[in-house]
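Right, one structure below, let's go through it.
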Amino acid sequence: MLQLDPPVPIETPKGKGLAHILIDYGIEHDLLWVTALDENGQVWCYRNRDIRFQTNISAGRFQVGA
């Protein structure tokens, strides 16, 4: 388990949010991103395949998923 400092802005199936914790159960499992959603503050866990980093022009990510 790793606390992300600073939290990472991500896109989830339920909208934008901040990933605060990363959980790694080992090589046979997906990483889990513990995320607080921007819209309503709900906290959800998402697998790697379900999330994307938000757009960040400074990092060269002009579109989510690009």
Residue pairs qualifying under the 8 Å Cβ cut-off, at least six apart or on distinct chains, with the first in region 45-58 being hydroxyl-bearing (Ser, Thr, Tyr) and the second being modelled with pLDDT of 85 or more and loosely packed, with under 11 Cβ neighbours inside 10 Å, are 46/13
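Residue by residue, here is whether (1) surrounded by fewer than 11 Cβ atoms within 10 Å (Cβ to Cβ); (2) in contact with a helix residue (DSSP H, G or I) (Cβ under 9 Å, 6 or more places away or on another chain); (3) of a type in the set (A, V, I, L, M, F, W, C); (4) not in a loop (DSSP other than H, G, I, E, B) holds:
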| residue | (1), (2), (3), (4) |
| --- | --- |
| 5 | yes, no, no, yes |
| 22 | no, no, yes, yes |
| 26 | yes, no, no, no |
| 30 | no, yes, no, no |
| 35 | no, no, no, yes |
Mind checking whether some residue in region 47-59 is out of contact with any Ser or Thr (no Cβ under 6 Å at 6 or more places or on another chain), among the small types (Gly, Ala, Ser), loosely packed, with under 11 Cβ neighbours inside 10 Å and on the phi > 0 side of the Ramachandran plot? no
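Based on what the data block shows, is residue 12 surrounded by 13 or more Cβ atoms within 10 Å (Cβ to Cβ), at pLDDT 95 or above and hydroxyl-bearing (Ser, Thr, Tyr)?
Here the answer is yes, as residue 12 does meet what is asked.
The values are calculated or read from the model by the stated rules, or taken from the named source; none is laboratory data. Since we're looking at a predicted model, the values are computed, not measured. Here the Cβ is made from the backbone with ideal geometry for all residues, glycine too, and neighbour counts use every protein chain on show.
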